[in-house]
Amino acid sequence: MTPRILNYLCLCLILTGSIISGPNISAAVVSYPAPPGLKTSPDFTLNAAGTNIWVERIGSKKTSFDYNLYSGRAMEDLNVASFSCSGKVTIKITASENISSFKILPESRHIAGMVNGKDLTFTISGPQKLYIEINNLPHLSIFANPEEEDIPSGNTPGVTCFTPGSYNLGTITLKSNQTIYIAGGAIVYADIKGRNLKNVCIKGRGIIQGNIDISGTENLLVEGVFIRNTNGWTNTLTDCYKSKYLNVKVFSYEAIYSVDGIDIVSCRNFIIDDCFMRCRDDCVAIKSGDKKLHVDSISVGNCVMTGWACSDGVTIGFELNGGPVENIYVKNCDILYARGGGRTDGHSGFSIVCDGPALVRNIYFEDIRVEKQVEFKNLELIVTDGTLYGDDPPGHIKGVNMKNITWANPDKPFIIKGFSPSNMVEDIVFDHCTVGGKLLKSTSDADFRINSYAKNIVFK
């Protein structure tokens with residue numbers, strides 16, 4: 001099918017309303033059809049405000065996997081229900097068996113559910129991302145998206161539109177001033193790449209099965225899509241600036257390492273907001289890879305992160321081999337899981353691992369909630385010898401401000417370690433932070449492991 005025909009069909013569907021509403025619509029909920037060839041969940045059905053929502057089961061197709069070799073393997077599969085809505089919505093989940101236990105996460109939403117046999121019913125106040133655990137069934141992610149705005153017209157120059165259906169394209173090479181629109185009910189099998197671009201947009205409520213790899217680009221917007229990946233970093237953004245990831249959902253699976261969610265490498269003025277990630281490797285990783293470039297003004301906010309196997313929620317590092325990393329803001333995020341081994345003896349809720357010569361400074365974590373599923377560490381702020389991911393001299397961490405952070409698990413340590421008198425971790429502030437419900441007033445209030453190359457650790 002040619003792009004011209006695709007654009008024409010997209011315009012027709014937009015004009016008739018089908019691309020917006022799908023086959024089922026109520027006053028509050030927009031549903032989308034199941035893309036061809038995908039698996040309907042055997043675990044759950046879901047109804048939102050009287051509208052039946054298709055639930056997909058995603059997971060490994062490799063029968064030779066040893067699922068118990070790494071933590072989380074036995075529950076590799078994920079169920080997903082995606083729709084758009086506005087206002088209060090009552091959701092009913094029907095499981096394949098009677099419900100004996102459940103969790104509606106993040107816990108910070110304080111959503112109460114009612115069970116009746118196989119049914120779990122609850123109400124949400126509006127668009128949000130939820131993570132549901134029922135019995136020992138594969139978990140369920142609910143993507144209650146905000147209603148779409150500014151849906152592009154298929155006959156607009158520079159717009160490529162994918163209507164509901166399946167498209168196996170291999171690779172999409174982006175151009176400047178281009179919009180890729182993937183409608184709900186569409187799946188695009190492709191790696192999306194671009195270099196040295198301006199004004200690029202990838203949006204919609206559909207699915208990308210592959211990677212996004214974009215560099216040297218100004219004014220990139222990725223909005224609304226669900227990206228699934230089994231090979232390499234899922235989103236690699238290098239030397240990008242004035243760019244945004246909004247309401248993006250990421251699921252990386254099958255591979256054990258190097259399937260990060262969103263990697264920000266040597267970028268400036270980059271916003272990640274209202275995103276969901278369940279990843280086998282780090283959910284959000286901020287890196288510095290070029291000595292001629294620096295990392296500045298990165299914002300990560302309002303996200304839900306599930307570090308599934310070998311993963312932090314947010315990490316600055318490991319690869320900090322380039323210019324300075326400064327003015328990083330992480331705010332109002334829920335980290336549901338953080339677990340798995342690694343090159344520094346295990347992952348943590350969030351971390352700075354300075355493995356390289358970069359100076360890391362002016363870092364702000366605020367209103368972060370790290371839930372109980374932390375396997376090794378609550379926090380890690382360390383400077384290594386610089387050789388874990390290369391052969392560089394060590395760096396420096398200066399100025400980390402943590403405010404209103406809650407760590408639910410009191411049994412996991414806080415690691416703060418520099419490397420030498422010239423490679424310190426210094427000026428660290430804990431401002432109204434708690435662990436296991438206890439206010440942190442000093443290092444004696446939790447398991448702090450601090451070496452002699454860390455200094456000026458302050459509690460407010």
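Hey, T217 hits all of (1) modelled with pLDDT of 95 or more; (2) surrounded by fewer than 21 Cβ atoms within 10 Å (Cβ to Cβ) but one; which does it fall short on? In the conditions (1) modelled with pLDDT of 95 or more; (2) surrounded by fewer than 21 Cβ atoms within 10 Å (Cβ to Cβ), T217 misses (2) alone.
Any residue at all in the stretch 168-181 that's out of contact with any helix residue (DSSP H, G or I) (no Cβ under 6 Å at 6 or more places or on another chain), more than 30 Å from S215 (Cβ to Cβ) and either open to solvent by less than 80 Å² (accessible area, probe 1.4 Å) or not in a strand (DSSP E or B) (or both)? No, because not a single residue in the stretch 168-181 is out of contact with any helix residue (DSSP H, G or I) (no Cβ under 6 Å at 6 or more places or on another chain), more than 30 Å from S215 (Cβ to Cβ) and either open to solvent by less than 80 Å² (accessible area, probe 1.4 Å) or not in a strand (DSSP E or B) (or both).
Of the residues making up the stretch 225-235, not a single one is assigned to a strand (DSSP E or B) and open to solvent by 20 Å² or more (accessible area, probe 1.4 Å). Taking the stretch 252-283, which residues are of a type in the set (G, A, S), more than 15 Å from the chain's Cα centre (by Cα) and surrounded by fewer than 24 Cβ atoms within 10 Å (Cβ to Cβ)? A255 - this is the single residue of the stretch 252-283 that is of a type in the set (G, A, S), more than 15 Å from the chain's Cα centre (by Cα) and surrounded by fewer than 24 Cβ atoms within 10 Å (Cβ to Cβ).
Among the residues making up the stretch 352-366, a single one is assigned to a loop (DSSP other than H, G, I, E, B) and open to solvent by 40 Å² or more (accessible area, probe 1.4 Å): P357. Residues in the stretch 189-213 that are surrounded by 24 or more Cβ atoms within 10 Å (Cβ to Cβ) and part of a strand (DSSP E or B): V200, I202, G204, I207, I208, I212. Checking each residue in the stretch 117-138 for being in contact with a helix residue (DSSP H, G or I) (Cβ under 9 Å, 6 or more places away or on another chain) and open to solvent by 30 Å² or more (accessible area, probe 1.4 Å) picks out S125, N136. When the residues of the stretch 154-167 are filtered to those that are open to solvent by less than 30 Å² (accessible area, probe 1.4 Å) and of a type in the set (G, A, S), which remaining residue is farthest from R205 (Cα to Cα)? Ranking the qualifying residues of the stretch 154-167, first place goes to G154. When only residues in the stretch 367-403 that are acidic (D, E) and buried (at least 17 other Cβ atoms within 10 Å of the Cβ) count, which is farthest from the chain's Cα centre (by Cα)? Filtering first and then ranking leaves D392.
Every residue, every condition in (1) in contact with a helix residue (DSSP H, G or I) (Cβ under 9 Å, 6 or more places away or on another chain); (2) open to solvent by 60 Å² or more (accessible area, probe 1.4 Å), yes or no:
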{"position": "G418", "(1), (2)": "no, no"}
{"position": "N423", "(1), (2)": "no, no"}
{"position": "L440", "(1), (2)": "no, no"}
{"position": "T443", "(1), (2)": "no, yes"}
{"position": "I450", "(1), (2)": "yes, yes"}
{"position": "I457", "(1), (2)": "yes, no"}
{"position": "K460", "(1), (2)": "no, yes"}
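Residues in the stretch 259-272 that are part of a strand (DSSP E or B) and either within 18 Å of L336 (Cβ to Cβ) or among the aromatic types (F, W, Y) (or both): I262, F270, I272.
The values are calculated or read from the model by the stated rules, or taken from the named source; none is laboratory data. Predicted, not measured: the structure shown is a model, and the values here were computed from it. For neighbour counting, all protein chains shown are included, and Cβ atoms are generated from backbone atoms with ideal geometry for every residue, glycine included. Areas reflect the complete protein model, heavy atoms only, side chains present, ligands, DNA and RNA absent. Shrake-Rupley method; radii C 1.70, N 1.55, O 1.52, S 1.80 Å.
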